[in-house]
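Undergrad: One structure, as structure tokens, below. Some questions next.
The values are calculated or read from the model by the stated rules, or taken from the named source; none is laboratory data. All of these numbers come straight from a predicted model, not from anything done at the bench. FYI the Cβ positions are ideal-geometry reconstructions off the backbone, even for glycines, and counts take in every protein chain you see. We work out accessible area using only protein heavy atoms, side chains counted, and drop any ligands, DNA or RNA first. Shrake-Rupley method; radii C 1.70, N 1.55, O 1.52, S 1.80 Å.
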Amino acid sequence: MKTQTYNLTNKDVTLTTYILDTSFDHKKDYKRPAVLVLPGGGYAFCSNREAEPIAMHFLAMGYNAFILRYSLNESSMFPQPLQDAEEAMKMIIDNSDAWLVDADRIAVCGFSAGGHLAAALGTMGKIRPAAMILGYPCITKDICNDVDVLKNYKNVPVLDDKVDEDTPPAFIFASSDDGLVPVRSSIKFAEALSEKGIPHQMHIFSDGGHGFSTADYVTCEGLYEFSSSQWIALCREWLYNLFIKPID
């Protein structure tokens, strides 16, 4: 595996690459689908629990992975974080030959505020991903304006009303016991996708709270595994049907 961190245009914004080695039984120019990971953290920090552990799961599925640490705090005024995500997408596409990435099969995976940014990229981005994976995202008007996770960032765009015909398919997951970002944020966004006829799959788990990441002992501080950890296997199947499964 080849990994390297690149500085992007805005201050303290980086893109870390995780490029899988080509197996001996693959063609020399074999291109893999990829996942761009956007950690959560309320636009105040980027959670390490929602960064490399997530990338490792997608790498194990055979995807190349990328982690974007985007603009935060006083630098998080929109559209700056969205510009970071667009720049990351462009960099991946521009280097798709060298990094052996299939530029038509790039998904974005975001959590909480990173889920907001992922949905912004999918609904507002100049360069949009082929799929969105949204973990307990903070998206809708009442959530973005009221809950503590984004209380210092009133400028963030509401996204359920930004869904259009060009919005990519979405995989959404959350837990019903989330005490920070109410699950209705995910439900309302799914409703907006339905209204525009955008394919999507949604899973609401009974436990996990907010910020459960992989929902296992690796990212949940030694706690027992939550049922919400099933999102990874479910997402793998969803992505397989979207990106990998041959069409008859």
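Undergrad: Please indicate, with yes or no, whether at least one residue in the range 174-189 is free of Cβ contacts under 8 Å to residues at least 12 places away in the same chain, among the hydroxyl-bearing types (Ser, Thr, Tyr) and either open to solvent by 20 Å² or more (accessible area, probe 1.4 Å) or closer than 14 Å to Cys138 by Cβ (or both).
TA: No: the range 174-189 contains no residue that is free of Cβ contacts under 8 Å to residues at least 12 places away in the same chain, among the hydroxyl-bearing types (Ser, Thr, Tyr) and either open to solvent by 20 Å² or more (accessible area, probe 1.4 Å) or closer than 14 Å to Cys138 by Cβ (or both).
Undergrad: Output yes when any residue across the range 216-239 is assigned to a loop (DSSP other than H, G, I, E, B) and modelled with pLDDT of 80 or more, and no when none is.
TA: yes
Undergrad: Here's another thing I want to ask about it. Tally time: how many residues in the range 1-18 are in contact with a strand residue (DSSP E or B) (Cβ under 8 Å, 6 or more places away or on another chain) and open to solvent by 30 Å² or more (accessible area, probe 1.4 Å)? I'd like the intermediate steps shown before the answer.
TA: Taking the range 1-18 first, the residues in contact with a strand residue (DSSP E or B) (Cβ under 8 Å, 6 or more places away or on another chain) are 1-8, 12-18.
Filter once more, keeping what is open to solvent by 30 Å² or more (accessible area, probe 1.4 Å): 1-7, 12.
Selection size over the range 1-18: 8.
Undergrad: Check Asp21 against each of (1) touching a strand residue (DSSP E or B) at 6+ places or on another chain (Cβ under 9 Å); (2) under 20 Å from Met124 (Cα atoms) and name the one condition it does not meet.
TA: It fails just one condition, (2).
Undergrad: Do any residues in the range 69-90 that are closer than 19 Å to Gln4 by Cβ and open to solvent by 60 Å² or more (accessible area, probe 1.4 Å) have Cβ atoms under 7 Å from those of residues that are outside any helix (DSSP H, G or I) and of a type in the set (Val, Ile, Thr), where the two are at least six apart or on different chains, and which pairs are they?
TA: Arg69/Val13; Arg69/Thr14; Lys90/Ile127
Undergrad: Just need a number here: residues in the range 143-169 that are at pLDDT 90 or above and of a type outside the set (Ser, Thr, Tyr).
TA: 10
Undergrad: So how many residues does the range 41-64 have that are open to solvent by less than 10 Å² (accessible area, probe 1.4 Å), modelled with pLDDT of 95 or more and in contact with a helix residue (DSSP H, G or I) (Cβ under 7 Å, 6 or more places away or on another chain)?
TA: 2
Undergrad: Can you tell me which residue is most open to solvent (accessible area, probe 1.4 Å) among those in the range 190-201 that are out of contact with any Pro (no Cβ under 7 Å at 6 or more places or on another chain) and over 17 Å from Gly135 (Cα atoms)?
TA: By that ranking, first place goes to Glu195.
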